[in-house]
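A.B. asks: Structure incoming, see below.
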Amino acid sequence: MSFLHLKAADLVLGYDLRLISNNIFQIPYKYHAFLTDAKKSDIELRFYFIDRETLSAAAAALPVLYSGKGFRKSYEFRKCRKGILYLLRKDGGELVFSALIWHSGKSIIVLHDYTKTHGTFAFEQLGRLLPFSLIRRQALVLHGVLMEYAGKGVILSAPSGTGKSTHAHLWRDHFRALIVNGDRSLCRKKAGVWMGYGMPWCGSSGEYINREVPIRAIVVLQQAEQNEVRRLPLLEGFQRMYGNIMFPLWDRAVINEALDLFDDMCAEIPVYLLKCRPETEAAELLKREIDQL
């Protein structure tokens with residue numbers, strides 16, 4: 001089996017090349033910045049083809065571990081012998097996408113994609129499922145902007161709509177910060193130092209570069225009438241960031257692995273709370289703290 005290799009942190013993702021060459025699936029062009037000449041894969045992103053009826057019938061006999069709803073779609077995770085079966089359906093119940101995540105995290109296999117997007121939708125869904133495999137390799141994905149300022153990695157994290165992108169753009173425009181990823185911060189310890197990495201998935205932000213930077217601060221943003229920043233005690237920092245860790249809600253053991261990793265991060269990297277308005281003064285206030293690190 002031949003693979004196109006992509007880099008995420010210092011891990012290699014093998015993307016099934018057969019499906020690119022025969023034009024059934026295509027890797028979106030903008031992710032080519034993450035191509036690498038590596039020959040071996042740490043995690044394989046593979047594709048099989050199973051018809052919808054066969055897949056639906058097989059899935060119906062499997063126990064549901066977790067389910068939920070998104071925009072006009074519902075999803076569920078079911079337990080099978082080899083791993084976790086992920087199913088995405090339209091509101092009417094029609095199956096549109098499915099994938100199998102191996103228990104080991106070594107492979108994520110698309111079983112079929114009925115979206116007629118030539119693999120673009122499949123690639124984005126792989127980005128959603130990948131954190132499970134990354135945790136198994138001691139890497140975390142946090143929902144938040146990863147930026148680089150003066151050689152320091154800073155993670156800006158907040159619920160959607162709170163203004164983390166606006167704040168990151170203030171840093172970019174006024175302090176020449178680089179936005180490494182506008183939505184997801186990939187973190188992994190390297191030679192004893194927590195590093196932040198660009199990755200070929202960035203949510204809807206469209207902002208990413210293939211770069212690594214030592215993480216020096218994690219910042220939780222909160223909208224407020226007055227600008228104020230304070231360093232959080234370890235427990236409070238952990239609690240405020242808990243909801244921004246991307247982990248598999250269907251697997252308690254892997255959740256615990258993720259929490260252990262993040263506990264280590266919080267013990268080594270300061271977590272700040274920035275209460276702020278969407279203005280330059282708030283960015284300047286935080287900058288004074290970061291400059292002291």
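The values are calculated or read from the model by the stated rules, or taken from the named source; none is laboratory data. On a predicted model such as this, the values are computed, not experimentally measured, just so you know. Note: ideal-geometry Cβ built from the backbone for every residue, glycine included; neighbour counts use all protein chains shown. These area figures cover heavy atoms from the full protein model, side chains too; ligands, DNA and RNA do not enter into them. Shrake-Rupley method; radii C 1.70, N 1.55, O 1.52, S 1.80 Å.
A.B. asks: Any idea of R89's accessible area? Nearest 10 Å², probe 1.4 Å.
C.D. replies: 50 Å²
A.B. asks: Hey, another quick one. Work out, step by step, the length gained on full extension between F71 and A191: first 0.36 nm times the residue separation, then minus their alpha carbon distance; give nm to one decimal. Before the final figure, lay out the partial values.
C.D. replies: On the way: separation 120, 0.36 × 120 = 43.20 nm, distance 4.12 nm.
Full-extension gain reported as 39.1 nm.
A.B. asks: Taking the square root of 5 times each eigenvalue of the Cα gyration tensor, what semi-axes in Å does the equivalent ellipsoid of the chain have, largest first? Working shown, then result.
C.D. replies: Details: eigenvalues 240, 83, 65 Å².
So the equivalent ellipsoid measures 35, 20, 18 Å along its semi-axes.
A.B. asks: Along each of its three principal axes, how wide is the spread of alpha-carbon positions in segment 216-293, in whole angstrom units, largest first?
C.D. replies: Ordered largest first, segment 216-293 gives principal extents of 43, 24, 16 Å.
A.B. asks: I've got another one for you. Can you run phi through the Karplus equation (6.51, -1.76, 1.60; θ = phi - 60°) for segment 265-273 and list ³J(HN,Hα) in whole Hz, with x for Gly and Pro?
C.D. replies: Couplings: 4, 5, 6, 10, 10, x, 10, 10, 10 Hz.
A.B. asks: In addition: When only DSSP loop residues count, what trypsin sites (Lys or Arg not before Pro) in segment 155-221 have their Cβ near at most 12 other Cβ atoms within 10 Å? It would help to have the intermediate numbers written out before the result.
C.D. replies: Working: sites: K164, R172, R176, R184, R188, K189, K190, R211, R216; in loops: R176, R211.
Those satisfying the criteria are R176.
A.B. asks: Where the accessible area of segment 131-231 is counted over protein heavy atoms with a 1.4 Å probe, how much of it, in %, is carbon and sulfur? Mind dumping the intermediate values first?
C.D. replies: Numbers: 1690 of 3900 Å².
Roughly 43 percent of what the probe reaches on segment 131-231 is carbon or sulfur.
A.B. asks: Determine which aspartates and glutamates satisfy two conditions relative to K116: a Cα distance under 16 Å, and not lying fewer than 8 residues away in the same chain.
C.D. replies: Excluding near neighbours in sequence, the set is D51, E94, E124.
A.B. asks: Which whole-Hz couplings ³J(HN,Hα) result when phi for each residue of segment 4-16 is put into the Karplus expression 6.51 cos²θ - 1.76 cosθ + 1.60, θ = phi - 60°, listed in order with x for Gly and Pro?
C.D. replies: 8, 9, 10, 10, 10, 6, 9, 9, 10, 9, x, 9, 3
A.B. asks: Divide by every residue of the chain the summed helix terms, -39500 (n - 2.57) for each DSSP H run of at least 4, and state the resulting mean residue ellipticity at 222 nm, rounded to the nearest 500 deg cm²/dmol. Before the final figure, lay out the partial values.
C.D. replies: Values: 7 runs with 78 residues, N = 293.
So the calculated ellipticity at 222 nm is -8000 deg cm²/dmol.
A.B. asks: Let me ask something additional. Working out 0.36 nm times the residue gap between S204 and R176, then minus their Cα-Cα distance, what length gain in nm do you get to one decimal?
C.D. replies: Computed gain between S204 and R176 is 7.8 nm.
A.B. asks: Between V96 and H32, 0.36 nm times their residue separation minus their Cα-Cα distance comes to what? Don't skip to the end; give the middle numbers.
C.D. replies: Working: separation 64, 0.36 × 64 = 23.04 nm, distance 2.63 nm.
Result: 20.4 nm gained on full extension.
A.B. asks: Heads up, I need the accessible area for K79: 1.4 angstrom probe, whole protein in place, Å², nearest 10.
C.D. replies: The value for K79 is about 110 Å².
A.B. asks: Another question about this same structure. Counting pairs of alpha carbon atoms under 8 Å apart in space and at least six apart in sequence, what relative contact order in percent does the chain give? Display every interim value, and only then the final one.
C.D. replies: Working: 610 pairs, mean separation 43.0, N = 293.
Answer for the chain is 15 percent.
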